[in-house]
Amino acid sequence: MRLSARTQYALRAAVELAAAPGAPVPAERISAAQRIPRRFLDNILLQLRRAGLINSQRGPDGGYWLARPAGEITLADVILVIEGVPQRNEPFPGASEPLEKVWSALREHQDGVLAEITLAHVVSGSLPDLSR
């Protein structure tokens, strides 16, 4: 799986918010802590807010915070907002047809792992056992 820089930035920003529950976190702080270019971050935060994953407040005491507890937001949730619904691969013709089953199994495993890991898991450093 290849994640775009934008998706990696979104995951890092979401984890930064999960690590600071409570008061709103200013975009400047997220940008500095995660070394995310501010212009990218502003667009990413807007996407996450529109999708309902984060909330925001303007003003001197403003910033961003998770819309739900970190234990209820998975990595898959964040990736889906940024990347959208994954497109299906082209069919495998002829002798390569069995590869479709391989790619399908890989996608299912990948999707299952990402749907199982929450932002809380990442912040705590205690990931679920993924050795299936």
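Here are the numbers:
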| read-out | value |
| --- | --- |
| Spread of Cα-to-Cα distances over 10 Å intervals beginning at zero, given as percent, for region 26-83 | 22, 55, 23, 0 |
| Compactness of the chain as Cα Rg over 2.2 N^0.38 Å, two decimals | 1.21 |
| Percentage relative contact order, the chain, counting C-alpha pairs under 8 Å, at least six apart | 27 percent |
| With Cα atoms, 0 to 90° folded angle of helix 38-50 axis to the chain main axis | 80 degrees |
| Relative packing of peptides 8-20, 67-79 - highest average C-beta neighbours within 10 Å first | 8-20, 67-79 |
| In sequence order, calculated HN-Hα J values of region 9-26 (Karplus, 6.51, -1.76, 1.60; Hz; x Gly/Pro) | 4, 4, 5, 5, 5, 5, 5, 4, 5, 5, 6, 10, x, x, 5, x, 9, x |
| Gaussian network model of the chain, Cα within-10 Å springs - most flexible of Leu48, Leu66, Leu99 | Leu99 |
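Coordinate-derived values only; no laboratory data. The structure presented is a predicted model; accordingly, all values stated were derived computationally and were not measured. Cβ sites come from the backbone with ideal geometry, for glycine too, and all protein chains shown count toward neighbours.
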